[in-house]
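One structure is given here, and the rest of the page talks about it.
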Amino acid sequence: MLQKLTAVLMVVASLGFLARSAKAQVAPPAQAGPLQWKCAWPFGVPNRTAADADSAVRMIKSVGFNAFAVGGGTSEFKQGIVQACRKGGVAIYWVLNPVYGEWGWHLEKGVIPPTVDCLQQYDDLAKLNTASTPDDVVYAGPWLCIDRPEVRQFAVEMAKACIRNYSPDGLALDFIGYKNLQGCQCSYSRAQRAAFAKAHLELSPEQAAVQFSLTSITAVYDQIRAVSLTENPKIKLMCHVYPPFVPEPIYGNRLAVEYPAQTVSWFFIPHWPLQKVSERCGLIKETEKKYHDYVTGTAFIGVYDDDKSRKSPQRIHEELQTIKQAGIHGFCIAGDLSFLTDTPQARALSEELGGTLHLSPASQPAAGAQ
Ligand SMILES: [Zn+2]
């Protein structure tokens with residue numbers, strides 16, 4: 001009897017499989033390709049209740065992600081999101097932005113921010129506070145000077161507090177760099193840069209300036225990594241490699257993080273030509289293990305569902321295909337909730353990431369769908 005029942009169930013299961021196969025002929029089959037680490041970094045996730053946390057993780061999984069960069073919210077949400085990620089098998093990366101202060105530093109209890117004389121300073125500050133191009137957007141507002149030891153110490157204390165307070169699987173770092181995309185011009189930075197140049201006479205002044213900034217940026221990550229591993233030897237670090245660094249745009253693999261998410265396609269229209277996406281992916285792959293054996297080359301794309309930015313489902317497919325063709329294993333997408341609601345764009349992502357959203361019956365056409 002049991003055998004017969006098993007046989008019947010197998011036939012039913014096979015029919016279900018055939019039905020799915022038939023459907024797969026219409027839509028491409030779910031394929032993550034070489035992508036292994038797939039991170040969602042959404043802005044504006046509802047973050048009040050434990051139910052918000054459950055719902056976010058359910059959606060993250062259905063689109064095919066296995067990592068979630070998130071932070072902030074009520075204490076109920078903060079506790080709930082860690083639990084929901086653990087339960088759902090999604091790695092949680094706590095967002096930490098220790099340099100850019102426009103939104104406040106979301107200070108963890110007991111951590112004291114540096115004083116205002118530690119802010120980055122520039123000769124053309126007024127221009128920097130207003131100028132921004134769609135490709136190299138630089139946010140106006142206070143940025144801490146990462147050349148200064150007290151700023152690095154602040155970043156370290158914040159990292160330590162986040163790990164202790166929330167026990168995430170990792171940290172998601174952002175905004176570690178220079179507002180002018182090259183180097184700070186405060187008196188401390190000028191003096192340090194001059195001393196660096198004097199100690200490296202083999203370099204031209206321009207080379208020394210570039211090297212000084214790169215050394216400074218990487219030092220911040222080195223220090224955060226050291227303290228993070230002391231707090232939790234299994235911790236993983238990721239970052240959005242932002243702001244850009246003009247002298248070496250693809251510098252992320254230098255950073256002491258497992259997943260340095262480097263921009264291969266920015267948010268705004270006109271979207272970067274696929275040739276540029278492909279070239280950036282190639283550079284990421286080429287230098288993947290050049291500096292650290294633990295780095296996974298990671299491509300970052302941005303999406304907003306508005307008229308200045310919107311990417312079509314076709315464009316999402318093309319960007320993901322380009323990333324996969326480069327043999328890249330890490331992927332991170334940031335933007336509004338359009339990629340975590342049932343939109344054609346989210347369905348395109350689901351197909352590319354091996355999710356299940358695109359296999360579910362289509363809901364109403366989403367606003368902004370193309
Ligand atoms: Zn400075």
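Some points to look at:
- Subset of segment 181-194 (residues that are away from the ligand (no atom under 11 Å from the Cβ) and closer than 18 Å to residue 243 by Cα): 181, 182
- Test: residue in segment 166-178 that is touching a residue at least 40 places away in the same chain (Cβ under 8 Å) and within 13 Å of the ligand (Cβ to nearest atom): yes
- Segment 118-145: number of residues that are at pLDDT below 90 and part of a helix (DSSP H, G or I): 6
- Which numbered condition residue 159 misses (of (1) crowded, with 21+ Cβ neighbours inside 10 Å; (2) in contact with a Cys (Cβ under 6 Å, 6 or more places away or on another chain)): (2)
- Scanning segment 152-181 for residues being among the basic types (Lys, Arg) and under 28 Å from residue 127 (Cα atoms) gives a total of 2.
- Note on segment 80-107: residues that are farther than 18 Å from residue 228 by Cα and either touching a Lys or Arg at 6+ places or on another chain (Cβ under 7 Å) or in contact (Cβ under 8 Å) with a residue 40 or more places away in the chain (or both) amount to 7.
The values are calculated or read from the model by the stated rules, or taken from the named source; none is laboratory data. What you are looking at is a predicted structure, and each value in this text was computed from that prediction instead of being measured. Reconstructed Cβ throughout: ideal geometry from the backbone, glycine too, with neighbour counts over all protein chains shown.
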